[in-house]
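For reference, the structure discussed in these notes is given below.
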Amino acid sequence: MRHLIKTAYRTALMAPLLLWSAFAAAQTGDSEGPNTNILRWASGTYAYTTLTEPRDRGWERFHMNVYTDGSRAMNMWHDLSARDAQFTVILRVNDAFRPQEAFLSYWVANGFKGSTLIRVEDATLSASANGPAGLHNQTLTVPATFSIGTHPVSADGWHLASDSGENGAEQTSKIYSLEASADLTKPPLGTLRDLTFKRIGEETLTVPAGTFETIHYDLSGSQVWVTKQDRLMVRMINERFDRDYVLTEFASGSNGEKIE
Amino acid sequence: MKRRFAIVGLLAFAIMPFSAFAENINITRWAKGEFEYRSLSTGEVSGTEAWHLTVHPDGTRTMQTRNRLDEAGYQRHVTYRVAKNFRPLEVTSVYWVKGEWRGTGLFAINGDTLEAIVKTPDGMIRQTRSVPENFSMIPHPLSTNAWNTWYYDKAKGGAQPMTVYDMDAGAQAVSSMLGKVYTQDLEFIGTEKMTTPAGTFEVDHFQVEDVVDMYITGPDAILVRFKWIPADRDYVLTSLETGS
């Protein structure tokens, strides 16, 4: 009996992993379901806690669509109650995870900070921010490989898209990181910074949302585990700052399923 | 070590130190729900919509939605922000039509001016135009259509003008996603009880031009049902969660 319960428990844990592997087969292709645009989708919820106690610090949910050309759009909404921050974000990347556009609307401890639309065309990033600080425009030259840090954690795995696949090697990339402090005089525009990370290796990780085949990285001091194909964050911990972000709910499907 | 500290700070605002745990002062209340897009005559489901509403302490509201209308080949992401009185502040939208990305746009309203900037497969397009005080946006999720009634005078009753900036649902041709302003008649029919798979609600029943029936509930004007008889469409709220 105990063996059966253990087997059932293992099967339940493995189900999301098996499901995810099945949908991870195709990068691009024709839609096989009723909607001609969507190849597959995933959605989930994260809990933000401290590592040591643990104490509730907030939560986040996301929904990602993968389209027939391999591009992805990620809707994110977070409630970082520990800092009285609430961010609403959509980020669209191409099939190589290079940012195409982002929209964000930030509420911080002192109130509404602003909304920003970011567009990327070839080597030019243009951003327009509107809020209490007024209307601000920004134009930057960006490299072929870079990512946008909008601050919800769901898309933080996309910072690692340039991974060479070599375990243990220090790697660098660039991040356009958004200003998100409580200072309302500073518009939510970004600065282009260096980013360092190291691939630790492939690991099977079990979290409240299920068991996932992941790649483990050291991302500038944070330990992160992301799924292989869509680079979805499964867990991020930072011992120095006593932070833990863990996937607590996860669902995914092909376009064939009408109800998301 | 200092460099690492700086990068970590940039990476995740969420991991910056905080003084004390508290409720989030920026979220007065929230709601989330789903619609099924059905045929009125057969009940067949041809699409879905999921939405999440945040009401902020100054009364402004942010609605994040995504929908898919399978028979037409549409999939959209829309974020719509309105003032305390539901007048539009901004819309951002991403449209996919029949397997092609058709555009990503920002539509910002400052006073009587609407400024649109839309990135399309054919390049950037911009639009600046005046808008009246009483108007709303139709970015094409259904959930925000209920907000089109915000300035209707119930005490006066009868048919009243409802002006909308209606974005091109198919994002066709060179004017991709840009909208047209027009006015229709809106009439309050009465208050009713309505039951859907999401629950039973006391709703305000509005009619638009005798062709659309909208049923709306609560202080956040949540759409419960939208019937469009000539198009054989029935949009029904199938789930709802709320919180403070």
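Which residue pairs have Cβ atoms under 6 Å apart, sit 6 or more places apart or on different chains, and have a first residue in the range B:213-233 that is loosely packed, with under 15 Cβ neighbours inside 10 Å and a second that is part of a strand (DSSP E or B) and among the small types (Gly, Ala, Ser)?
Here the result reads B:232/B:39, each pair linking the range B:213-233 to a residue that is part of a strand (DSSP E or B) and among the small types (Gly, Ala, Ser).
Restricting to the range B:169-198, count the residues that are assigned to a loop (DSSP other than H, G, I, E, B) and buried (at least 18 other Cβ atoms within 10 Å of the Cβ).
Looking only at that region, the number is 5.
Could you tell me which of the residues B:63, B:137 is more than 10 Å from chain A (Cβ to nearest Cβ), within 29 Å of residue A:35 (Cα to Cα) and among the hydrophobic types (A, V, I, L, M, F, W, C)? It would help to see each step written out before you state the result.
Numbers: B:63 fails: more than 10 Å from chain A (Cβ to nearest Cβ).
Only one candidate passes the filter, namely B:137.
Please verify whether residue A:165 is touching a residue at least 12 places away in the same chain (Cβ under 8 Å), away from every other protein chain (no Cβ under 11 Å), assigned to a helix (DSSP H, G or I) and in contact with a strand residue (DSSP E or B) (Cβ under 8 Å, 6 or more places away or on another chain), treating the condition exactly as stated. Walk me through how you get there before you give the answer.
On the way: touching a residue at least 12 places away in the same chain (Cβ under 8 Å): yes; away from every other protein chain (no Cβ under 11 Å): yes; assigned to a helix (DSSP H, G or I): no; in contact with a strand residue (DSSP E or B) (Cβ under 8 Å, 6 or more places away or on another chain): yes.
No: the conditions fail for residue A:165.
For the range A:221-238, what are the residues that are within 14 Å of chain B (Cβ to nearest Cβ) and either within 14 Å of residue A:154 (Cα to Cα) or part of a strand (DSSP E or B) (or both)?
The answer is A:222, A:223, A:224, A:226, A:233, A:235, A:236, A:237, A:238.
Given the residues A:66, A:108, which is the only one that is crowded, with 22+ Cβ neighbours inside 10 Å, more than 14 Å from the chain's Cα centre (by Cα) and more than 7 Å from chain B (Cβ to nearest Cβ)?
The unique qualifying residue is A:108.
From the list B:220, B:153, which one is farther than 23 Å from residue B:80 by Cβ and among the charged types (D, E, K, R)?
B:153
Hey, can you tell me all the residues within the range B:66-106 that are of a type outside the set (Phe, Trp, Tyr), facing chain A (nearest Cβ under 9 Å) and closer than 18 Å to residue A:34 by Cβ?
Matches in the range B:66-106: B:66, B:68, B:69, B:70, B:71, B:73, B:75, B:97, B:98, B:99, B:100.
Values in this text are rule-based calculations from the coordinates and carry no lab data. Computed from a predicted model, the values in this text were never measured in an experiment. Every residue, glycine as well, gets a Cβ built from its backbone with ideal geometry; the counts of neighbours run over all protein chains shown.
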